[in-house]
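Have a look at the structure below, then the notes.
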Amino acid sequence: MSIRLRLILTLTLATLAVWLSAVVWIEHSTRAQVEQVLDSRLAEAARMVSSLLSDHRIALTDPGALIPVGEHDGYLRHLSCQIWSEAGVLVGQSSGAPEGPLTEAPVEGYSTSVIEGEDWRVFTVVNADLGLRIMVGDSIAVRERLVFDVIGGLLLPAAVILPLLAVALWIGVSRGLRPLDRLTEALRLRSPLDMSPLPLAPAPPELRPVHQALDGLFARVRQARAHERDFTAFAAHELKTPLAGLKTQAQIARRAPDEATRQAALAEIEASVARSDRLVRQLLDLSALESGEAAPQAVALEAILGEVQHDLAPLAAKQGVALAVAGGEAARLPLPRVLLYTLLRNVAENAILASPAGSAVRLAARCAPGCCVIEVRDQGPGIPEAIRARVTERFLRGPGAPVGGSGLGLAIAAAAAERLDAGLDFPPCGPEGGQVVRLVLPRPG
């Protein structure tokens, strides 16, 4: 349902509800006032007839004489009057009065009776001096018609006004939504490549947050596109280098004058393939981190450290680096396993590549209530202070970076840590040298 139609229906239904509530309230109020007024008229008419009888202005010479109380126009025409003796003899009545007594109530005052299947409201006066009972009553149906006429006078204008009100609401809402229509048209005609802010124009206060949100979205998309362009350019550049090396070494191997030259060229080809493979894997890891969703599960910390050690053992052996793991026993963390594995693998791989032959890389974990801390310590040159604050940027490689690196390992680790709500820091090198990468994981309980 469109906003325009929803607003019109809401306003129309709200107006109708208010109108009907007013009708109900007026109906109750009118009914109470009509009953009060007409009851007073009954009592007044009955006392008037009793007074006329006492003053002998009405002579009851013949039983059943007509009483002139009902010979008027308007409401009085609907009144019926009867005069009964104490002996139960009808001595006078108004024209149109029922044949039987208006009420069987033995005392003065108001009463309700049913005459020929119709409800009547009756007021009785006892004239003790004359020994007469004067009854004046009217049909309750007459009262209902009076109330209905009042309510009908309210509903009839409503039936005429509500359609006009709906038209007026449609016009008013349509005019009120014109700024939104203009914004919709501007976005519809906008080029997909145009990420500039929306043009400044007078706008209602309700639309200003929408303008600001759209401008913020355009800015983020602009930034994301710039990152994508940089990412593509850097990836192409990083892949171009090993591919060029592959081509050169393949040509050398083809034209090698001896077996030693051919084997050296093949070794270089193998190194270039390994570098390309690592770069492609890291690019896929980074893409998965930025776009994928991973479900949390109970992760055994000792097991995942052992898996990282097992998977990186060939690289460590090739580099002549000892890879050791300690801690993490019996610790289980509710987090996405693939994120933690990707993070630790990339940090440990960077540490192995940065460490000189004959040195060691150590993965150590310790847990306490509330958190687990995992440290990856190497014996390499460490991160230069000049680039420490920017070390997680993509494709950033500092001076003296190891051969075969792509500058993506720590960027992947930082992205995974952010998804894990974990802390990742790189404390300065101590007197013993090397570099420590510290990961702090939240631990419930």
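For region 112-123, what are the residues that are in contact with a Leu (Cβ under 9 Å, 6 or more places away or on another chain) and surrounded by fewer than 21 Cβ atoms within 10 Å (Cβ to Cβ)?
Residues satisfying the conditions are 113, 115.
Provide a single number: the residues in region 102-146 that are touching a residue at least 60 places away in the same chain (Cβ under 8 Å), more than 13 Å from residue 83 (Cβ to Cβ) and hydroxyl-bearing (Ser, Thr, Tyr).
2
Hey, residue 4 hits all of (1) modelled with pLDDT of 80 or more; (2) farther than 23 Å from residue 154 by Cβ but one; which does it fall short on?
Condition not satisfied by residue 4: (1).
Looking only at region 169-201, filter to residues that are assigned to a loop (DSSP other than H, G, I, E, B) and of a type in the set (A, V, I, L, M, F, W, C); which one of those is modelled with the lowest pLDDT?
Within region 169-201, the subset assigned to a loop (DSSP other than H, G, I, E, B) is 177, 189-201.
Then drop every residue that is not of a type in the set (A, V, I, L, M, F, W, C), which leaves 177, 189, 193, 195, 198, 200-201.
On the way: 177: 76, 189: 82, 193: 79, 195: 82, 198: 79, 200: 71, 201: 68.
The extreme case among them is 201.
Can you name the residue in region 192-207 that is under 28 Å from the mean Cα position of the chain (by Cα) and more than 27 Å from residue 226 (Cα to Cα) and, of all such residues, is most open to solvent (accessible area, probe 1.4 Å)?
Residues of region 192-207 that are under 28 Å from the mean Cα position of the chain (by Cα), as a first pass: 195, 197-198, 203-207.
Subsequent filtering for residues that are more than 27 Å from residue 226 (Cα to Cα) retains 203-207.
Values: 203: 25, 204: 42, 205: 85, 206: 137, 207: 23 Å².
Checked region 192-207; the qualifying residue most open to solvent (accessible area, probe 1.4 Å) is 206.
Go through (1) of a type outside the set (Ser, Thr, Tyr); (2) loosely packed, with under 11 Cβ neighbours inside 10 Å; (3) modelled with pLDDT of 85 or more and name the single condition residue 99 misses.
(3)
Within the bounds of region 161-172, is there any residue that is in contact with a Phe, Trp or Tyr (Cβ under 6 Å, 6 or more places away or on another chain) and free of Cβ contacts under 8 Å to residues at least 60 places away in the same chain?
No: zero hits.
Can you tell me which residues in region 273-308 are over 18 Å from residue 393 (Cα atoms), surrounded by 16 or more Cβ atoms within 10 Å (Cβ to Cβ) and at pLDDT below 80?
275, 276, 294
Checking the structure you have, find out if any residue of region 228-239 is in a helix (DSSP H, G or I), loosely packed, with under 13 Cβ neighbours inside 10 Å, among the aliphatic types (A, V, I, L, M) and modelled with pLDDT under 85.
yes
Residue check: is residue 164 modelled with pLDDT under 80 and open to solvent by 50 Å² or more (accessible area, probe 1.4 Å)? Full working, then the answer.
Values: modelled with pLDDT under 80: no; open to solvent by 50 Å² or more (accessible area, probe 1.4 Å): yes.
Here the answer is no, as residue 164 does not meet what is asked.
Which condition breaks for residue 267 when tested against (1) open to solvent by less than 60 Å² (accessible area, probe 1.4 Å); (2) modelled with pLDDT under 80; (3) over 24 Å from residue 393 (Cα atoms)?
For residue 267, the failing item is (2).
Which count do you get for residues in region 68-92 that are under 11 Å from residue 136 (Cα atoms), at pLDDT below 85 and in contact with a strand residue (DSSP E or B) (Cβ under 9 Å, 6 or more places away or on another chain)?
Residues flagged as under 11 Å from residue 136 (Cα atoms), at pLDDT below 85 and in contact with a strand residue (DSSP E or B) (Cβ under 9 Å, 6 or more places away or on another chain) within region 68-92 amount to 4.
The values are calculated or read from the model by the stated rules, or taken from the named source; none is laboratory data. This one's a predicted model, so the numbers in the text were calculated from it and none came from an experiment. Cβ atoms come from the backbone with ideal geometry, glycine included; neighbour counts cover every protein chain shown. Ligands, DNA and RNA are stripped out before the accessible areas are found, and what is left, the full protein with its side chains, is counted by its heavy atoms. Shrake-Rupley method; radii C 1.70, N 1.55, O 1.52, S 1.80 Å.
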